[in-house]
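Q: Before I ask anything, let me first share the structure, which is written out below as structure tokens.
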Amino acid sequence: MAFRAAEYERYTGPRSKRPAWWPLLTATLQRGWSSRWVRRITWISLIQGFGLCVLAYVLNDVVPTWRELTERVGEMAGAEDEIKLDGRVYLWLLNMFVYPVLLPLALLFGYDLISKDLETNATEAYFARPITPASYLLGRTLAFVGFLLAATLGPMLMVWLADYATSEAEHFQEIAKVPLGITLALSFIAVVLALFVQAVSVLTKSGTWTNLIFVVIFLFGSAMASILYNMTDNVDMLSISLLHNVFVVCAYIMDELPKRQDYADPGVVFTVMSGIGIVSFMILMRGLRRRSMLG
Amino acid sequence: MNGVMTVTAFAWRQRVRGLRLLAPLAIALLPSLVLLLGLTFGHNPDPLNLYRRFLVPVSLYFVLPFVTMFVMLPVLQELYSKGAIGYFFTRPVPRWQPLLGLFLGGWLATIPAFLAAVLVPAAMCMAVDQAADTETMTNLTEVWMQTVGGLFGVLVLASLAYGALCLLFGVWSKKPILWSFFALFIWGVLFGTLPGDGQMWSLHYYLFGLAREWCGITEIWTGMFPPVENPPTVFVSLMGLGLVMTVSLLLAAFAARQRDIL
Amino acid sequence: MSAPAIKTVGLSRWYGEVQGLAGLDVTIQHGVVGLLGPNGSGKSTLMRLLTGQIHASRGYVEIFGERMTPGHFKSFRVLGHAPGEDIHFENERACDFLLLLAKLGGESGASARDRVDKALDRIGMTPKANVRLREMSKGMRQRIKVAQAILFEPPLLLLDEPLNGMDPPSRRQTLDLVREYSNTERTVLLASHVLHEVDAITDHLIMLHHGRLLAEGQLSDIRNLIEQKPRRATIRGKGLTQIAAKLLSEDRLSGLTMEGDDCLHLDTRDLTKLLLELQQVGADGQIETLETDDQKLDAVYDMLVGGSAR
Amino acid sequence: MSAPIIALDGLLVRYGKFTALHGVDAIFSGGSLGLLGPNGAGKSTMLRSILGLVRPTAGTAQVLGVDARKSGTELRRRIGYMPERDAYIGGFSAVRGLAHLAEICGFPKDDAMLRAHDVLHFVGLGEERYREVSTFSTGMRQRYKLAAALVHDPEVLFLDEPTNGLDPQSRARMLGLIERITKDHGLHLVLASHLLHDVERLCQEVWVMEGGKMRLSGSISDLTAAARGARRVTIANDQGAAFHAAAEAAGFACSREGDGRSFVVHHEDRVVEPDEIFRLAQNNQMVITSIRPAARSLEDAFLEVLEGE
């Protein structure tokens, strides 16, 4: 190693008045992106979206009558519900993105959010600087939500645009409400998930335990929910399961909730999800405030 | 043996003092929560049946592996990860003594959690389960005592074997959480619940064997129990558990001599 | 006791491809011995090998004539050890922690309690006996670490950076304790980075560098062995030019530097002669201060480690 | 001279029932300040209030003429704080992490990156810029923390145990760096350290705290003023005991220090002159290897203050 006797210099350049959470947001995105598995999942998701765009083009332009064809097939198979393909397809699509993309990303990316900072004691480096616990949390959560949305909402909107551009005009009426619906659903789920993962990591202070607990809560939430549903025949019991809640939230916001009986009441589901979000937020603020006391 | 007792007391103290017992207790009380919701919202509940059909499996699937992990893993990991185990291993006693002490202390600390997991739901059920005349009452109490005692026995014995596994991973590996999760949950719970002959190789198979005998779950398929044509006898089950515990402890003692501290 | 407190023969340890210690041969009899060396020079590796916490890749250690291996627990009767890492029994009260170790050492009941009280008293922590380690400052935990090492008053005491993080009063107290402890024909091996504190309590040193033994012995002997460097005396006073002229004419010096009007650096190969000469001059009242480099551990350390580092 | 760098006025901090600071008054008008005190003296609480992270129960802490409680965020832009424990941004290279921290202090992106490179070169981590901090050794981590405290060009530097755990070379290097920053670039320094040699070398002023109270504030040279014309003398090997006897016989009071070869020689009613000592040695065929005025070390002075009450 060589020692270069560089001299210390005072800084005379400009200082911007930008809020402190902005650099945190960009840095968090960067840090998330530098993880190999996060990158892989995101790419897979985007490629999937692109593939579906191509599919939409093929269906709309090459086989314009595919809709009627499918509906006829559905009637022949004896489907009970009246088949309303368009919105339902998007709900199905949404779930295809939420379960294999959103949940693993939340796990992998969530580790980066606070666990790593606690492990390397980065909070001490942050809070000695002009940043408050609230803006720290804002930067981190926004980055997390933004990333999750980019990996899920991005491809979905792509598909929607492709569908819209290639299909005939009246079809637009049927799918007009879709973008708003999926945006709202995904944003809500992403915010709750982000807060929840961070709260768990503040409590456990360890990345491995955080991931383990996250998995356990998802697995056992579902198991418990079905046991309880069996025991009581009360559908609202299913709102214990986060996986179930995610589905109901998506379906409700998109106004595509199936008419079958085994779904909890959306009101209960939203209360449970918001409750998780709010409790997580409170745990986080408390934990971070304590961390901001240096030394 | 003085050394073993001292460390046992230490490990017990470590696990029980302060808020440390909160996490295992929270896990242990989950069946109670399930039951509470079930009793409140369910129609026409038969508490004993409820207890046998749902709470026994929930305790075995969920409470057992996670309480054991939450209690046993930190016992060793906290000491090994910071090199603090050196304070025990630089004393004029052989290394297996402090290890055995940690194991026993950790195991003792799981007992309050298991007690809570077993007794609280039972108390809730019994409060609901009011029999008409005294004769059936005594009879029913006996059945309840058998079921509750049996479940407690299974949990406590099982946590000896699973706890020994956790101890082994704690001494032998630097990532004991992952290994224990794999061993207790995937190999134990999931593998043991699969139908077919493969489940014989999972420790959980023998736990179910014990639970069938002791908790009075005599049918082949009850609630969430996996279907088994020939459930293992109590003797075979106890041998299985004892074997796993002994082998794990011996391997842990061996690993402790081999592994460098830090 | 005839067998040396510590004897290492060709002691080596690798961590994968990283070299911790390479072929160390030292013998330590008794008294306080300072263990010095930059970070990563193998001090902690040596300490861990001496206490049987890790296996040697090659070579062996003898403690009072007995081979030390991780399984050889009987040797721990004669050995007290304060490791360099923080203590990490956060939930324990100081007295409980010490009592636990006392009982592991084979004592029980009242006699264990007695040992704990004595050790706490020695480090001046009796009033803090019931405080949990988590609530203590780092310096206080360091003292508890020393207390557990002297619990059984072992004839061999190994202290790895015991002063790190201590506040000045505790530093002084611990150094006093070490000094006192060694007075009774016992051996203390003290690893430290703070040279002036090592300097204050011992002249016997072991210096490690890059995992190898750099020097071992009395400070002044070590200094004498470094022959390629001339010895330096620095004087301040009045009329230094005349002194310089006189010394130069007598051909005693190998170098001479004047710093300002009142400071003179004199380099020589025969320091004692020069000092006697200066004493003569000094008796006439011309010298205000006199300093020589071999008295300072910093200087010797710099010569040995500073030159070869990087 | 404008406003003082730090002005504490009746600063009182309570955590629940526990009083961490009992109304401290002190003024630091610039230069280098050593913050001394045993563990638990209230140093870190004071630091927190100065950084505006703790709301004082009563009194004020003014830093650079600004009330720390009201505008802590603005103040932390102008203060560089080096924590005692390791603290870095995981998952980033050293230089990227520093640039990120500078951006948080309001540096534009490009300036932040430039500045991060410069500061890392300055602390001698130029070659390791692109490595992750988790791979650094103790000495490198300490220098990295110093760089992190400097990266946003603060006006005041708070260093908490910057030489803790460093080997002698790294320590000398760290002290050299701090000296350059403070002497050549006019940054004000507040140094909390248990190594009083470091404080003695770097600082002109000290605050001594104990039990949440300010026990003493003043300049180091006053504290360590030579004690009544005494001399510290070192004798060549094996002659310590003989010298001791001879000096006592000649009417000096002679106290032994440390290794047995150093003595502090003084006389009850007059200054001890060096020539007397030299003559004494000459008459007894001894060799004196060093002699200098027995200034009190800062350590002695500090311990004396603590024992004072």
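Computed from the coordinates by the stated procedures, all read-outs in this text should not be read as laboratory data. The model shown is predicted, which means the values in this text are computed figures rather than measured ones. Glycine also receives a Cβ, built like all others from the backbone with ideal geometry; neighbour counts cover every protein chain displayed.
Q: Near the amide H of C:Leu208, under 5 Å away, which other amide H atoms are found, from residues 5 or more places off or on another chain, if H is placed in the peptide plane?
A: Result for C:Leu208 returns C:Leu36, C:Gly37, C:Leu214.
Q: For the range D:231-293, what does the alpha-carbon gyration tensor say about shape, rounded, prolate or oblate, given a ≥ b ≥ c as the root eigenvalues, a/c under 1.5 as rounded, and a/b over b/c as prolate?
A: Judged from the Cα gyration tensor, the range D:231-293 comes out rounded (a/c under 1.5).
Q: Give me the lysines in straight-line cross-link reach of A:Lys177: C-alpha distance below 25 Å, same-chain residues under 8 apart excluded.
A: Partners found: A:Lys84, A:Lys259.
Q: Sticking with this one: From the cross-link list C:Lys118/C:Lys138; C:Lys128/D:Lys17; A:Lys116/D:Lys145; A:Lys17/D:Lys17; C:Lys118/C:Lys296, which pairs have alpha carbons spaced over 28 Å apart?
A: Check vs 28 Å cut-off fails for A:Lys17/D:Lys17; C:Lys118/C:Lys296.
Q: So what is the diffusion coefficient of the range D:84-196 in µm² per second by Stokes-Einstein at 20 °C and 1.002 mPa s, using a Kirkwood Rh over Cα pairs?
A: 152 µm²/s
Q: Helix C:168-182 versus the longest principal axis of chain C: what angle, 0 to 90°, nearest 10, using Cα atoms?
A: For C:168-182 against chain C, the angle is about 80 degrees.
Q: Within the range D:57-143, which chymotrypsin sites (Phe, Trp or Tyr not before Pro) sit in a loop by DSSP and count at most 16 neighbouring Cβ atoms inside 10 Å?
A: Passing sites in the range D:57-143 are D:Tyr130.
Q: Given H placed 1.01 Å from N in the peptide plane, which residues other than close sequence neighbours of D:Val190 have an amide H under 5 Å from its amide H?
A: D:Leu33, D:Leu157, D:Phe158, D:Leu159
Q: Something else about it: Classify the range A:129-285: rounded, prolate or oblate, from the alpha-carbon gyration tensor (a ≥ b ≥ c, eigenvalue square roots; a/c under 1.5 rounded; otherwise prolate if a/b is larger than b/c)?
A: The shape class here is oblate.
Q: Further, regarding this structure: With no solvent and one equal point scatterer placed on each C-alpha of the protein assembly as shown, evaluate the Debye formula and give log10 I(q)/I(0) for q = 0.07 Å⁻¹, two decimals.
A: With one equal scatterer per Cα and no solvent, log10 I(q)/I(0) is -0.83.
Q: Looking at chain B, which longest stretch skips every one of the GluC sites (Glu not before Pro) that is in a DSSP loop with at most 11 other Cβ atoms within 10 Å, leaving the sites themselves out?
A: Free of exposed loop sites, the longest segment is B:1-218.
Q: Here is a follow-up. Hey, what do the phi angles of the range C:261-275 turn into as Karplus ³J(HN,Hα) couplings, whole Hz, using 6.51/-1.76/1.60 and θ = phi - 60°, x for Gly and Pro?
A: The phi angles translate into 8, 10, 9, 9, 9, 10, 9, 8, 9, 10, 5, 4, 5, 4, 5 Hz.
Q: Only loop residues by DSSP count here, and only those with at most 15 other Cβ atoms within 10 Å; note down the trypsin sites (Lys or Arg not before Pro) in the range D:160-241 that meet that.
A: Qualifying residues, ordered by number: D:Arg228.
Q: If one takes the longest principal axis of the Cα atoms in chain C, at what angle in degrees, from 0 to 90 and to the nearest 10, does the Cα axis of helix C:138-149 lie?
A: Roughly 70 degrees, rounded to the nearest 10.
Q: Here is a follow-up. From the C-alpha coordinates alone, can you work out the Kirkwood hydrodynamic radius of the range C:6-224, in Å?
A: Here the Kirkwood hydrodynamic radius works out to 17.7 Å.
Q: Taking the 0 to 90 degree range and rounding to the nearest ten, how far is the long axis of helix B:96-128 tilted relative to the main principal axis of chain B, both from C-alpha atoms?
A: 20 degrees
Q: When only Cα pairs under 8 Å and 6 or more residues apart are kept, what is the percent relative contact order across chain D?
A: Relative contact order for chain D comes out at 18 percent.
Q: Please identify every one of the GluC sites (Glu not before Pro) in the range C:142-203 that sits in a loop by DSSP and has no more than 15 other beta carbons within 10 Å of its own beta carbon.
A: C:Glu185
Q: OK, next. Cross-link partners among lysines for C:Lys238, C-alpha distance below 22 Å, same-chain residues fewer than 8 apart left out?
A: Here the lysines satisfying the reach criterion relative to C:Lys238 are C:Lys246, C:Lys273.
Q: A follow-up question, please. Only counting other Cβ atoms within 10 Å, I'd like B:Arg212, C:Arg186 sorted with the fewest neighbours first.
A: In increasing order of surrounding Cβ atoms, one gets C:Arg186, B:Arg212.
Q: Name the residue, out of D:Ala230, D:Ala250, D:Ala58, whose mean-square fluctuation peaks in a Gaussian network model built on chain D with Cα pairs under 10 Å.
A: Maximum among the listed residues: D:Ala250.
Q: In whole percent, what relative contact order does chain C give with Cα contacts below 8 Å and a gap of six or more residues?
A: Relative contact order, chain C: 19 percent.
Q: Can I ask one more? With no solvent and one point per C-alpha, what does the Debye sum give as log10 I(q)/I(0) for chain A at q = 0.09, 0.12, 0.15 Å⁻¹?
A: Debye curve over Cα of chain A, log10 I(q)/I(0) at q = 0.09, 0.12, 0.15 Å⁻¹: -0.55, -0.88, -1.21.
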